[in-house]
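Remarks on the structure that follows.
Quick note: the coordinates plus some simple rules give every number you see, no bench work behind them. Quick caveat, the model's predicted, so the values are computed rather than measured. Positions of Cβ are generated from backbone atoms using ideal geometry, with glycine treated the same way; all protein chains shown enter the neighbour counts.
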Amino acid sequence: MAGCGGDDDNGIAGLSAAEILTETQEAAEAAESLRVEGAVSDEGSEFSISMELTADSSTGTLSAEGISFELLSVGDDLYMRADADAWTTMAGDPGAGALLADRYVLVPPGDTSFDSFADFGGLDNFTESVLTPVGSVTKGDETEVNGEPAIGLVSSEGGVMYIATTGDPLPVRLDPPEGQTGGLDFEWDVSVDIEAPDEDDIVDLSSIL
């Protein structure tokens with residue numbers, strides 16, 4: 001069915017790679033929410049993600065290097081929650097594990113040691129990061145991904161972003177560069193309910209540093 005078109009064909013398959021990217025960026029900006037799930041492995045090291053994002057908030061779980069933690073962003077506030085072992089590993093201090101275990105740790109604003117989590121702070125940040133190509137992009141093949149007709153945008157640095165060719169031109173999957181395995185799947189405009197944690201469950205990291 002890929003390439004056959006239909007009543008809801010969005011026409012992007014006939015555009016240039018640059019035009020497809022622009023259409024996709026505009027569609028993502030208009031989206032209200034996103035669920036992203038998947039894992040990428042590289043030489044035995046695995047990163048996995050299961051998150052839901054709205055315009056300025058997010059919730060979900062990230063895992064890397066054997067450490068798993070929950071990330072919760074509500075407006076300008078970013079919280080992390082993990083078990084004692086994870087905090088001990090991240091901080092290099094058993095005392096940190098005992099103090100912070102299973103609490104929502106409020107990250108101090110402007111703390112650069114947590115900059116790597118900024119892209120997960122909400123849909124706007126995440127889509128800007130994902131849809132800003134590293135290197136140039138070219139058109140790939142039309143195919144079917146997760147049951148949807150799609151076309152690939154291939155990065156010169158490796159990796160393929162598959163864009164839906166029916167309905168809104170939004171990403172449906174990101175495959176990693178050659179040599180890595182796995183990938184990330186995207187589901188747009190899902191029902192997401194994100195709330196700040198109870199005050200009793202919060203530890204303000206700036207108050208104990």
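Tabulated data for the structure shown
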| quantity | calculated |
| --- | --- |
| Percentage relative contact order, the stretch 2-136, counting C-alpha pairs under 8 Å, at least six apart | 18 percent |
| Stretchable slack from residue 50 to residue 198, in nm (0.36 nm times residue separation minus alpha-carbon distance) | 51.0 nm |
| Alpha carbon centroid spacing (whole Å) that separates the stretch 146-174 from the stretch 15-50 | 8 Å |
| The chain: DSSP helices with Cα axial extent of at least 15 Å and average Kyte-Doolittle hydropathy no lower than -1.0 | 17-30 |
| Calculated [θ] (222 nm, deg cm²/dmol) that DSSP helices of n ≥ 4 give over the chain, each run adding -39,500 (n - 2.57) | -5000 deg cm²/dmol |
| Cut-off 17 Å, label 7 Å out along Cα→Cβ of residue 156, residues of the stretch 126-141 by amide N | 132-140 |
| Estimated inter-spin distance, residue 67 and residue 83, nm [label 7 Å along Cα→Cβ] | 1.6 nm |
| Point-charge dipole on Cβ atoms (K/R +1, D/E -1) for the chain, about Cα centre, debye to 20 | 500 debye |
| DSSP beta bridge pairing in the chain, given as percent antiparallel to the nearest 5 | 95 percent |
| Label point distance in nm, residue 39-residue 190, each placed 7 Å from Cα along Cα→Cβ | 1.7 nm |
